[in-house]
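**Student:** This is the structure I have questions about; it appears just below.
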Amino acid sequence: MNNPKDVKTSYENTLKTLFSRRGSYENTSYMPVFRASGIFFVVVNKHTDTLISFMNYWREKNHLAKVGALVTLRDSEGSKVLRQYFSVDDFVYQISVKNLLESSESFTGSIEVEIFSAEDLKFQFPAIMVFYETPKGISFVHTNQRIYNNAEDQQRGEGFNAWQTGFDLHASKGLEPFVFCVNGPKSSEDTQVELKVINHNGDVMNETISLGSIPPYGSRNLRLLTYSGIADFLGTEPGFCKLNVDLENVHLRFACGNVSNDQSWLSITHSYFDTTTHHDYYDVKESSGSPCFVPFNLVEGLDVDLVFYPIFSPAILSFALECFDHKGKQRALIDLESQFNSTDSNMYRIDVRKILKANSIQENEGLYCLHISAKDHKIPTRISYGLNYRSGLKLGCNISTSALMEKSYGISGRAYRWGPISLRDGGKNFILASHISKEKEPEGSSDFELTLFDASGVILNEKFTLANSTGVNLCTEDLLDKVNFKSSHGDFLWFVLESANPYYECNLIHVSKDGYIGGDHAF
């Protein structure tokens, strides 16, 4: 099984990459990147299509004059079905696997998108989204798995492999959890999966699953409830799992989630690597402001949960929920009673509206911030959590994201956030923008510019102003109406939020006409 104990994946090493200049060839510890890639699980049938979309941010953000894209479609046994190369010249691209196949027959496999450049790309992971469209809506997640570029790349990435975790499992109300696995370029013989399933009571069930031989680039859909006893063990409340899949030569951040038994809805997110053995901490005594925090917006008509899984360095954490008014003034600070021990097996689920009601706090649309503190002043440097926007009891989006750390927040000197907009009949897209400083004495208001692109270029450009500690929920359909843009069902746009102020963050959600929500954080 994969074992990352001897691989360095510290917060400081991550910061070195973030601080490094693109094209720092003279820095011998810096690894330039000329190929960025992602490989995505594909499912196509009468209910579902798999789509890929990306923006030409290499040109628009990074000023790289020319990149090329190689797209390879493979079946579940890794055989190539088709391959296309094109120069990335347009602003926005979208690929429907169903259209590529030109067939209504069911298909499972993978699609790999490789981006090549003669200039340094800096990051091996490209900003590409995969979408799974079903009759009840569209769910999406950014690049998760990828094939390593070389041995050095593989060595650096192996510390993020092994145990994958950090997503909800549902076994009731006609739902089934799944994990999409795509193999690398080497055959995997007698592939074993170590599985730990944890229910809402914190009980642990251990299982070993054999996937048999998986050929190079082969793909498997791991449907967890097909294994005896897991459904009864999970019961009616969501649980989670940790799994170690015996694959090599491929980054193992899996696409995963839950699907309805009738295939009418599929909710996708990605796994996160288990950091319980890493012991990598940030000493908050060094902090000059908010050392660890989670800003998020409340959206009218939607519930939101923040879900913390016991998957990071041992710590006992406390939480406080800060609520702001439309001018950025604090209107409430709620200390949450219970603490979270990351060495236990229990999840910590925060139902925001429930907490606001219990404390008689008005549920205003706008910005909230969850502050995280540690008992001994040492906060784990990687605190991932699930951000779950949902409509009542409907299955939500379970976005996999990470808490912000003072040391790495705002280091770029400006804000440049971008993400996709899925135009679907009866659906709505929301860009959830927040502006919150990490400083004790923050600045006042600042401007940001929002630009919407289609394949041919800019279709909208508008300036907004946000006070510090405020947020705004921008409905893109309303913005498009203002410029009389005629959308087509099935099209993708991309947005860019740009500001000279670095303290902006974005999440994005799509609410289907049936009230099902897909979502992810912006790039």
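**Student:** Please indicate, with yes or no, whether at least one residue in region 151-171 is more than 22 Å from Ser400 (Cβ to Cβ) and part of a loop (DSSP other than H, G, I, E, B).
**Tutor:** Checking region 151-171: not a single residue is more than 22 Å from Ser400 (Cβ to Cβ) and part of a loop (DSSP other than H, G, I, E, B).
**Student:** When the residues of region 397-420 are narrowed to those that are closer than 28 Å to Leu175 by Cα and part of a strand (DSSP E or B), which ends up farthest from the chain's Cα centre (by Cα)?
**Tutor:** Among residues in region 397-420 that are closer than 28 Å to Leu175 by Cα and part of a strand (DSSP E or B), the one farthest from the chain's Cα centre (by Cα) is Pro420.
**Student:** Collect the residues in region 40-67 that are over 17 Å from Ala118 (Cβ atoms), at pLDDT 95 or above and among the basic types (Lys, Arg), keeping them in residue-number order.
**Tutor:** Result: Lys61, single match.
**Student:** Given the conditions (1) surrounded by fewer than 16 Cβ atoms within 10 Å (Cβ to Cβ); (2) assigned to a strand (DSSP E or B), and given that Gly202 satisfies all but one, which numbered condition is not satisfied?
**Tutor:** Unmet for Gly202, out of (1) surrounded by fewer than 16 Cβ atoms within 10 Å (Cβ to Cβ); (2) assigned to a strand (DSSP E or B): (2).
**Student:** Another question, if that's okay. Hey, among Lys327, Lys394, which residue is closer than 22 Å to Pro502 by Cα, outside the structural domain of Phe131 (by TED's automatic domain parsing), in a loop (DSSP other than H, G, I, E, B) and in contact (Cβ under 8 Å) with a residue 12 or more places away in the chain?
**Tutor:** Lys327
**Student:** Is region 313-321 home to any residue that is in contact with a helix residue (DSSP H, G or I) (Cβ under 8 Å, 6 or more places away or on another chain) and surrounded by fewer than 23 Cβ atoms within 10 Å (Cβ to Cβ)?
**Tutor:** Checked against the condition, which is being in contact with a helix residue (DSSP H, G or I) (Cβ under 8 Å, 6 or more places away or on another chain) and surrounded by fewer than 23 Cβ atoms within 10 Å (Cβ to Cβ), region 313-321 yields at least one hit.
**Student:** Answer yes or no: is there a residue in region 496-503 that is part of a strand (DSSP E or B), surrounded by fewer than 23 Cβ atoms within 10 Å (Cβ to Cβ) and among the charged types (D, E, K, R).
**Tutor:** yes
**Student:** Right, another one. From the residues in region 193-207 that are in contact (Cβ under 8 Å) with a residue 60 or more places away in the chain and aliphatic (A, V, I, L, M), which one is nearest to Phe273 (Cα to Cα)?
**Tutor:** Ile198
**Student:** Can you name every residue in region 462-476 that is among the polar types (S, T, N, Q) and under 26 Å from the mean Cα position of the chain (by Cα)?
**Tutor:** The answer is Asn468, Ser469, Thr470, Asn473, Thr476.
**Student:** Another question, then. Which count do you get for residues in region 101-116 that are crowded, with 19+ Cβ neighbours inside 10 Å and more than 21 Å from the chain's Cα centre (by Cα)?
**Tutor:** 2
**Student:** Report the residue count in region 122-143 for those that are in a loop (DSSP other than H, G, I, E, B) and touching a strand residue (DSSP E or B) at 6+ places or on another chain (Cβ under 6 Å).
**Tutor:** Number satisfying all stated conditions: 3.
**Student:** Quick test for you: out of Gln192, Gln154, pick the one residue that is in contact with a strand residue (DSSP E or B) (Cβ under 7 Å, 6 or more places away or on another chain) and assigned by TED's automatic domain parsing to the domain that holds Lys122.
**Tutor:** On inspection, the qualifying residue turns out to be Gln192.
**Student:** Something else now. Would you mind finding the one in Leu234, Leu252 that is surrounded by 15 or more Cβ atoms within 10 Å (Cβ to Cβ), at pLDDT 95 or above and at negative phi?
**Tutor:** That would be Leu234, the only listed residue that is surrounded by 15 or more Cβ atoms within 10 Å (Cβ to Cβ), at pLDDT 95 or above and at negative phi.
**Student:** Out of all the residues in region 434-475, which are in a strand (DSSP E or B), over 19 Å from Lys327 (Cβ atoms) and either assigned by TED's automatic domain parsing to the domain that holds Pro291 or among the charged types (D, E, K, R) (or both)?
**Tutor:** Glu449, Asp454, Glu462, Lys463
**Student:** Which condition does Ser290 not pass, out of (1) at negative phi; (2) polar (S, T, N, Q); (3) modelled with pLDDT under 95; (4) surrounded by fewer than 22 Cβ atoms within 10 Å (Cβ to Cβ), if it passes all the others?
**Tutor:** (4)
**Student:** If you don't mind, there's one more thing I want to ask. Suppose we filter Leu298, Leu321, Leu302, Leu224 for residues that are more than 29 Å from Ile361 (Cα to Cα) and outside the structural domain of Cys475 (by TED's automatic domain parsing); which single one remains?
**Tutor:** Leu224
**Student:** State all residues of region 94-121 that are closer than 20 Å to Ser53 by Cβ and in a loop (DSSP other than H, G, I, E, B); if no residue qualifies, say none. I'd like the intermediate steps shown before the answer.
**Tutor:** From region 94-121, those closer than 20 Å to Ser53 by Cβ are 94-102, 107, 109-117, 121; that's our starting set.
Correct list: Glu102, Leu121.
**Student:** Considering only residues of region 416-460 that are closer than 19 Å to Ile128 by Cα and among the aliphatic types (A, V, I, L, M), which is surrounded by the most Cβ atoms within 10 Å (Cβ to Cβ)?
**Tutor:** Checked region 416-460; the qualifying residue surrounded by the most Cβ atoms within 10 Å (Cβ to Cβ) is Ile421.
The values are calculated or read from the model by the stated rules, or taken from the named source; none is laboratory data. Bear in mind the structure is a predicted one, so any value in this text is a computation, not a measurement. No Cβ is skipped: glycine too gets one built from the backbone with ideal geometry, and neighbour counts run over all protein chains shown.
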